[in-house]
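The next block holds one structure in the form of structure tokens; read it before the comments.
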Amino acid sequence: MNTMDSVIREHGAALLSYATRLTGDRYLAEDVVQETWLRAWRHADRLTNGNGSVRGWLLRIAHNVAIDLHRGRRARPTEVGFDGEALANTAVQSAPSDEVENRMVVGELLDHLSPVHRSAVVEVYFTDRTATSVASALGVPVGTVKSRLHNALRTLRDQFPRPLMEAA
């Protein structure tokens, strides 16, 4: 594939520069160039100047690829960028000892609630059930479950300082 290597060496920088101007994004431009090289490789017979300008042909392929990507992105919902530092901070896994400590703190907090309030909190927040399903399981109206949740959370907020609540 010596011919393809020489074509890439000769036209690669210009093609990347053109794709970067088209897309306005270096990473997207690299995708465009990669797809352009793939299409050029599939039609390697056209990589001679006897069939017209090789660079012109490659730039036209890159243009078409960029248009296809643009149309594809418009057809999908908007992509959301991410902050690498924020992602790194959220991806940090806690140590198993932290999880055990958190469970102990939450258990102690729940011990300060009455049994009916505790059961409502556990059923809704820890077993991830809706207030309606908890109400039918406990045999009480939905409003009662919601009141118990509200009162339980208010009690915890009032009885314990904020740093302790954040630890849980």
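What follows draws every value from the coordinates through simple rules; no lab data is involved. Predicted, not measured: the structure shown is a model, and the values here were computed from it. Positions of Cβ are generated from backbone atoms using ideal geometry, with glycine treated the same way; all protein chains shown enter the neighbour counts.
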Estimated inter-spin distance, residue 74 and residue 150, nm [label 7 Å along Cα→Cβ]: 5.0 nm
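Would you mind putting 117-124, 68-75, 151-158, 56-63 in packing order, based on average other-beta-carbon counts within 10 Å, highest first? Don't skip to the answer; put the middle values down first.
Details: 117-124: 19.5, 68-75: 10.8, 151-158: 14.4, 56-63: 18.0.
Peptide ranking by packing, descending: 117-124, 56-63, 151-158, 68-75.
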Cα-projected label distance for residue 41 with residue 14, points at 7 Å along beta-carbon direction, nm: 2.2 nm
Euclidean distance between Cα centres, segment 1-63 to segment 120-135, Å: 59 Å
